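To start, the structure itself, in structure tokens.
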Number of protein chains: 2
Amino acid sequence: MTPEACGAEDFLASAMVPGSPLTPDASAFLEERHRSATYEVERVPLAALPQWRLGERLGHVSGRFFGVEGLSVRTDFGPVPQWCQPIIVQPEIGILGILAKRFDGVLHFLMQAKMEPGNSAFVQYAATVQATPSNYQRVHGGRSTPYLDYFMEGTRRRVLFDQLLSEHASWYLFKRNRNMIVEVREDEEVPVEEDFAWLTLGQLRDQLGLGNRVNMNARTVLSGISYGVPGSGRPSPESLSGGFRSAVLESHRTPGPAADLSGVSTWLIDQKARFSLDARRIGLREMDGWICDDDSIRHRDGRHFEIIGVSVRATSREVGAWWQPMLEPCAGNVVALICQRRAGVLRFLAQAMVQPGLTDRLELGPSIQFVPGAYRGPQDHPLLTEYLEAPESWIRLRTVQSEDGGRFSRADTLHVVIQLPEDHEIEVPGNYRWMTLGLLNRMNRLGYHLNVEVRSLAACLL
Amino acid sequence: MTPEACGAEDFLASAMVPGSPLTPDASAFLEERHRSATYEVERVPLAALPQWRLGERLGHVSGRFFGVEGLSVRTDFGPVPQWCQPIIVQPEIGILGILAKRFDGVLHFLMQAKMEPGNSAFVQYAATVQATPSNYQRVHGGRSTPYLDYFMEGTRRRVLFDQLLSEHASWYLFKRNRNMIVEVREDEEVPVEEDFAWLTLGQLRDQLGLGNRVNMNARTVLSGISYGVPGSGRPSPESLSGGFRSAVLESHRTPGPAADLSGVSTWLIDQKARFSLDARRIGLREMDGWICDDDSIRHRDGRHFEIIGVSVRATSREVGAWWQPMLEPCAGNVVALICQRRAGVLRFLAQAMVQPGLTDRLELGPSIQFVPGAYRGPQDHPLLTEYLEAPESWIRLRTVQSEDGGRFSRADTLHVVIQLPEDHEIEVPGNYRWMTLGLLNRMNRLGYHLNVEVRSLAACLL
């Protein structure tokens, strides 16, 4: 995928359409799908998970799906120089794909109402396809994955976005998925299965604003959408004169010249060279500070997160009933972007962050990534957390969004966007940088440059 | 770094200048520097290396520099599904930087005549700066690194190229260096130290053609040079009508539209998704098939490579005398690019290859990467090796180039470029693809897309 964007004008037009005759009530559709299926999720001891074995690592007897191992980390980034932690290892590359098609000239996106066992709100809008090779090669003997063919080699139509992007690098080791948006021609018939609905970006934006309605996998794909092309200037639609949303769109449509992208790239390499990271896979029993027994894998002080077992019964997933381990974080995660009008355009404060599971050590994250379970005490809290107490008039977005409900249990993250007044002065260290949304998007399109937390926030800024 | 190239016209102009009054005889300069210094390299047992410890890993007592560990590999790429091997672990990001400056309007490059203990030809042209953090923070108490400031944050001038690029992924785990070309203004005085000389790209090309004159680190930086910008069309200088070099330049200047880059990127992700790789760090004593004793670490059948100790005495390096482990490969490595005029332009056959030490599993390599020590027998030889026996009239380049002489001992790799007649038909599997040099260069500028072997070949195609 190149930093040049595909279909920016069409994406923008779709974002301006708040409703569609194809799915007149996007909230009602989700509620109806929720009522039509039954789910039961129950916590069970790890040792009681059929076909999973807990030894030096926790893994499935088939060797497929994913495993949990220990990780020993040393770094000079942040206040804690070394620690051990469990980490999910899943080397497969899954596909997160959204199918797009024009109806009456307006781009719609085929979203799946999907139940995931870890989500607090069970049924959410997911990508059209969300499948690991284990899924689509049907290792567990389930149903075939609908619409998968649209995303496979040889049968694809017009690729609007296609990039490998990282996922939660504090919980996953080197995990990345393939994020795709593929457009089919307007005259091509696409059958709509029961759990699926065509939505405009305007409708998706409303669902994102409500919180816990658009799942993590859909949000990361949506973060690949570009509304601006280099050299397109900054014309905002006439319908948006003034206000935060207008400023957001202007920021999307100000990617800056190629020199800006070079400058950011060089700065990001500077940060990679500046910080060290040594992460080494170890046995689960070798982890200092962690308890690993038949029930769960947990920190001795109850901090960070816990690896638990769950049993799931559902009618709307590939397999009706199954067991699996999940990662359940301590409650209270917050991610926040601070923005401010600077040099005439709204710019967002990105932070270059080292995380142990990243493919290349460091990516751009949000201004604040606050993980209560990660600290020994307030002395370790990350920079800028005081802005989470900003006056209400500075808050532009505050919604709860879920993390991947297929791996993480009750992992709800508060998403906050804070706009500083133009005359507010703020000092940040060299690993922070102000960027337009257009520039962030161009970085994202290069792959492995934006972490999933900042992508999730950016997706809410349609 | 963006795929948009900086200074393509200036690079091309420099490549057309075969001589320079600043360094009238580039070969003589190298010979003179060779005579002015003395070197003595002697093999010693690993156990005799002062300050190195051989246990479950081989490492320096300071914890710096690099280490050698075991790696257990499983993959479905290639004929061997699993193996163990030693691998060099060096997580630091070094700087490989070439300083550029115009003299009488022509870009010159400040090259260092550098001795490296592993090279068969001791003194070669190296980048202006070739330094790991261990070097430039002077862990071993040596001299400061000249010209380093030109490449550091805050004191840089015009950055023409800046990208993290992978290195030998069969010998190094996740190794990458920062490849930089930085231009200083024509009116800025740059003192020239004893071992340094300003050369044009034309002069460097001649040295590359002679073989074993331009070291690996310089070649990888030179591979970042672009001669074509998107949309520039294909005007070749008038002085080059017809012939292989003219076709090479035309290929450099045909990057293809943005859609080509998207298409290659999507195809490359397809290959990443298609092949699996699981590489796990293990202890040196856990490696099946390898002997690890006081003398060396070697394969029981004498295949692949050997980790040996060397003692070095030199007058022209940061430290006058030192000891270190080195990797000595079996002799006979060959890398080759097959090219053919297709659809009017010379295109090169790149191969998407899984290698265990790559940061993200798979990168583009040459058409043929033949490593004699890697095979159980001819049944394992890679595809297309029969083209190494092509008629002499098809051979466009055949030179021996050295690998990094700071880590590898007597690692000489034969570089071959073979041009197939237009009517010659060749069938290749889906993980091979024909690309212009311009398109390969654009991929290279995105980072982690071209392995060091194909970059080294591309650098010879100035």
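A short reminder: the numbers here are calculations on the coordinates, not readings from a lab. All values reported here derive from a predicted model rather than from experimental measurement. Positions of Cβ are backbone-derived with ideal geometry, glycine not excepted, and every protein chain shown enters the neighbour counts.
Looking only at other chains, what is the average number of their beta-carbon atoms within 10 angstrom of each beta-carbon in B:151-164?
Mean shielding count: 3.
Quick one: dipole size for the stretch B:403-445, taken about the Cα centre, charges +1 on Lys/Arg Cβ and -1 on Asp/Glu Cβ, in debye to the nearest 20.
Taking the Cα centre of the stretch B:403-445 as origin, the dipole is about 400 debye.
Can you list the copy-to-copy distances for residue B:430, using a point 7 angstrom from Cα toward Cβ, in nanometres, shortest first?
Values, ascending and in nm: 4.7.
Can you put B:180, B:216, B:326 in order, fewest other beta carbons within 10 Å first?
Listing B:180, B:216, B:326 from fewest to most nearby Cβ atoms yields B:326, B:180, B:216.
How about residue B:175: which lysines have a C-alpha closer than 20 Å to its C-alpha, ignoring those fewer than 8 places off in the same chain?
Leaving aside lysines fewer than 8 places away in the same chain, those within reach of residue B:175 are A:175, A:272, B:272.
What is the Cα radius of gyration of the stretch B:59-138 over 2.2 N^0.38 Å, N being its residue count?
Expressed relative to 2.2 N^0.38 Å, the Cα Rg reads 1.60.
Taking each residue in B:87-96, count the Cβ atoms of any other chain within 10 Å of its Cβ, then average. What number comes out?
The per-residue average across the peptide is 2.
What percent do you get for the relative contact order of chain B when only Cα pairs under 8 Å and 6+ apart count?
Answer for chain B is 23 percent.
What list of ³J(HN,Hα) values in whole Hz, one per residue of the stretch B:165-171 in order, does the Karplus curve 6.51 cos²θ - 1.76 cosθ + 1.60 (θ = phi - 60°) give from phi, with Gly and Pro shown as x?
Here the 3J(HN,Hα) series is 10, 6, 10, 2, 8, 9, 10 Hz.
Could you give, in nm with one decimal, how far residue A:375 is from each other copy of that position, shortest first, with labels 7 Å out from Cα toward Cβ?
From this label point to the equivalent ones elsewhere in the assembly: 6.0 nm.
Counting only residues 5 or more places away or on other chains, whose amide H sits under 5 Å from the amide H of residue B:212 once H atoms are built in the peptide plane?
Those lying under 5 Å, H to H, from residue B:212 are B:400, B:401, B:402.
Going toward the positive end of the dipole of the protein assembly as shown, with +1 on Lys and Arg Cβ and -1 on Asp and Glu Cβ, which of A:368, A:191, A:256 do you reach last?
A:368
How large is the charge dipole for the protein assembly as shown, taken about the Cα centre, if only the Cβ atoms of Lys, Arg (+1) and Asp, Glu (-1) carry charge, to the nearest 20 debye?
Dipole of the protein assembly as shown, to the nearest 20 debye: 440 debye.
Starting from the amide H of residue A:345, placed 1.01 Å from N in the peptide plane, find each other amide H under 5 Å away whose residue is 5 or more places distant or on another chain.
Those lying under 5 Å, H to H, from residue A:345: there are none.
Defining the label point at 7 Å along Cα→Cβ, can you sort the distances from residue A:43 to the same site in each other copy, shortest first, in nm?
Copy-to-copy label distances for residue A:43: 6.1 nm.
Would you work out which of A:15, A:91, A:39 lies farthest towards the positive end of the dipole of the stretch A:6-112? Charges go on Cβ: Lys and Arg +1, Asp and Glu -1.
Result: A:91, furthest along the dipole toward the positive end.
Could you tally the net charge around residue B:266, taking each other residue with its Cβ under 13 Å from the Cβ of residue B:266, Lys/Arg +1 and Asp/Glu -1?
Around residue B:266, the charge tally is +4.
Of the beta bridges DSSP finds with both residues in the stretch A:306-462, what % are antiparallel, to the nearest 5?
Roughly 75 percent of the beta bridges in the stretch A:306-462 run antiparallel, per DSSP.
Can you give me the three principal axis dimensions of the protein assembly as shown from its C-alpha atoms, in Å, biggest first?
In descending order, the Cα extents are 83, 61, 61 Å.
Once the Cα atoms of chain B are picked out, what are the Rg and Dmax in Å?
Both quantities, over Cα of chain B: 21.5, 62 Å.
Between residue A:389 and residue A:187, how high is the FRET efficiency from 1/(1 + (r/R0)^6) when r is the Cβ-Cβ distance and R₀ = 41 Å? Nearest 0.05.
The pair residue A:389/residue A:187 has a calculated efficiency of 0.15.
By Kyte-Doolittle mean hydropathy of at least -0.5 and Cα axial length of at least 30 Å, which whole DSSP H helices of chain A are selected?
none
Mind putting a number on the dipole of the stretch B:314-452 about its Cα centre? Charges go on the C-beta only, +1 for Lys and Arg and -1 for Asp and Glu, and I need it in Debye to the nearest 20.
Computed about the Cα centre, the dipole is about 440 debye.
Once you place label points 7 Å from the Cα toward the Cβ at residue A:423 and residue B:341, how far apart are they in nm?
7.1 nm
Net charge around residue A:245, counting only other residues with Cβ within less than 11 Å of its Cβ (Lys, Arg = +1; Asp, Glu = -1)?
Combined, the nearby Lys, Arg, Asp and Glu give +1.
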